[in-house]
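Below is one structure, written out as structure tokens, with a few remarks after it.
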Amino acid sequence: MNKNNFLLKLSFLITPVCISSVLLSQKTVSGLIEAEKAFAKYALDFNTRDAFVKYFDTANIALNEGKALNGYQAWVKRKKRSSKLLWQPEFAAIASSGEYGVTTGPYEFKASLNDTALDRGHFTSIWFFNSDGEWKNLLDHGSGYSHSYPAVSNIKSVSLQKSKSKKNSGQSMEMSELNFIKQYETEGKKAYNKIVSKHIWFNTNGYQPVSGFDKLNKALEVIDNGIHFAPIGFKTSKSKDFGFVYGTITRNEKTANYVRVWIKENGSWKLLLQVLD
């Protein structure tokens, strides 16, 4: 092999790696999607424990039975196992300032790669672009269901743009969340009609996800009235157009968790995604 042919082959080997590294370091929705894919691939190629330790922020939030725990520390303490957790992104959204984003998509848990799924559902992950130029998973939560889910053929995404509209609700994301909770307490699930985004996505435990404003009624059919929401934490992007809240839900003396992602649409805060245990 002559020198030129060797260099040409070498360039073909290096180029995909370089492109992947660039995408992972981008504060774009494409970079966010590539980070989620890289996370899933690392779990497949190695093991779930090491993948979560590698891609989780050290302040990662894990929700369980109404509590908010440090997910990173929980995974550090776990043992490596041969079981496989497989997943892929189906939807992603990112703040106009690029430091916060969300992904969701189907997952399956198997004892080994060739076994049938023992558990399946949809994950929801909140991501943060840190000062080192890396996407890190800041919050990870899942909602399960029993039936298999179609393979993802198209990843939908929303990239928020800096608003040029002079219209502004004047209230914070936190206040929008608290106002919704008050409205829900008096109006029940009808309160959702006033605040959902055109890109709305519902992950409700026990049911497959429902997305799109045109399917709102179908999504609300499986959400009960009489849930008590209690926020634990809030975070909002620098651009003030993307934020998320996590907390507890209580109904019939049972306690679980919820996550909501809010975005700005035409100057007003709208619900983009909700996860209910």
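A few comments on the model shown:
- Between His228 and Gln161, the modelled label-to-label distance comes to 4.5 nm, taking each label 7 Å out from Cα in the direction of the beta carbon.
- Computed over region 97-222, the P(r) tail beyond 19 angstrom holds 64 percent of alpha carbon pairs.
- The angle separating the long axis of helix 29-45 from the principal Cα axis of greatest extent in the chain is about 70 degrees.
- With DNA, RNA and ligands ignored, accessible area of Ser163 (1.4 Å probe; Å², nearest 10): 80 Å²
- Average projection area in nm² (convex hull over Cα atoms of region 84-144, one quarter of hull surface): 4.8 nm²
- Bridgeable aspartates and glutamates around Lys240 (alpha carbons under 18 Å apart, same-chain partners fewer than 8 residues away excluded): Glu99, Glu174, Glu177, Glu265.
- Computed with a 1.4 Å probe on the full set of protein chains, the accessible area for Thr48 sits at about 20 Å².
- Space enclosed by the convex hull of the alpha-carbon atoms of region 49-127, per residue, Å³: 114 Å³
- For the cross-link pairs Lys238/Lys264; Lys77/Lys156; Lys79/Lys156; Lys182/Lys235; Lys77/Lys110, the ones whose C-alpha atoms lie over 24 Å apart are Lys77/Lys156; Lys79/Lys156.
- Accessible-area order (highest first, 1.4 angstrom probe) of the listed residues Tyr55, Tyr42: Tyr42, Tyr55
- Computed with a 1.4 Å probe on the full set of protein chains, the accessible area for His199 sits at about 60 Å².
- Computed over the Cα atoms of the chain, the ratio of the radius of gyration to the Kirkwood radius (Rg/Rh) comes to 1.00.
- Checking every one of the trypsin sites (Lys or Arg not before Pro) in region 171-262 against DSSP loop status and a limit of 16 other Cβ atoms within 10 Å picks out Lys238, Lys240.
- Of the Cα atoms belonging to region 212-277, the radius of gyration and Dmax stand at 13.3, 39 Å.
- Partners of Lys84 within straight-line reach, counting aspartates and glutamates whose Cα lies under 14 Å from its Cα and excluding those fewer than 8 residues away in the same chain: Asp45, Asp50, Glu108, Asp115, Asp119.
- Taken over the Cα atoms of region 145-277, the convex hull encloses 120 Å³ per residue.
The values are calculated or read from the model by the stated rules, or taken from the named source; none is laboratory data. Bear in mind the structure is a predicted one, so any value in this text is a computation, not a measurement. With ideal geometry, Cβ positions are generated from the backbone for all residues, glycine too; neighbour counts draw on all protein chains shown. Ligands, DNA and RNA are excluded from the accessible area calculation, which covers all protein heavy atoms including side chains. Shrake-Rupley method; radii C 1.70, N 1.55, O 1.52, S 1.80 Å.
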